[in-house]
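Working notes, structure below.
What follows draws every value from the coordinates through simple rules; no lab data is involved. Keep in mind that what you see is a predicted model, and the values were worked out from it rather than measured. Cβ coordinates were reconstructed from backbone atoms using ideal geometry, including for glycine residues, and neighbour counts include every protein chain displayed.
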Amino acid sequence: MQPALFDTVELLVDLPAHNLRSGSLGAIVHAYDERNYEVEFINEEGKTTALYPLSAEQFIVVWQAKTRRWLPLAGHVAALVSHLPEAEGREVLDFARFLYERRQRQGSASPAHLTTTIQETST
């Protein structure tokens, strides 16, 4: 997804000179070209704390101004994985599969456990 003016972005890198950490939120206020943007970071009072030029590899879009919607979690993960080398992206996929399979095993165990418990209670 191409970042656009006024999108909210999440920083993927620390910027210690500006007291900004990975995970900080900012807004795109200027596009220099297709890969470089000026991002404004504000505090709780709405005052600008930093204006910083960033490349598209240094952030992910989490809210789209055009649609006025937050991207779903799957979109955040996909955007983040797209910034990783192939081998590390495969590690994320493997971990996601592990979590999914674990959830499936736990989910299928619960009804059987519940049935056993109900049968024991009613006898």
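Quick rundown of the values:
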read-out	value
The chain: calculated mean residue ellipticity at 222 nm from DSSP helix runs of at least 4, using -39500 (n - 2.57)	-13500 deg cm²/dmol
Residues I60, I42, sorted so that the one with the fewest Cβ neighbours within 10 Å comes first	I42, I60
Sparsely packed GluC sites (Glu not before Pro) within region 1-105, loop by DSSP, other Cβ within 10 Å at most 10	E34, E44, E45
Computed label-point distance, nm, for sites F6 and V81 using a 7 Å Cα→Cβ extension	3.2
Region 32-63-region 14-29 distance, computed between alpha-carbon centres (Å)	7
Calculated Rg/Rh (Cα atoms, Kirkwood Rh) (choose from [x] 1.54; [y] 1.01; [z] 1.22), label	[z]
Y100/A65 FRET efficiency (R0 25 Å; Cβ-Cβ; nearest 0.05)	0.15
Cβ charges +1 (Lys, Arg) and -1 (Asp, Glu), total dipole of region 1-83, debye	240
Inter-probe distance in nm under a simple model that places probes 7 Å from Cα toward Cβ, at N43 and S22	2.6
The chain: relative contact order as a whole-number percent, Cα under 8 Å and 6+ apart	19
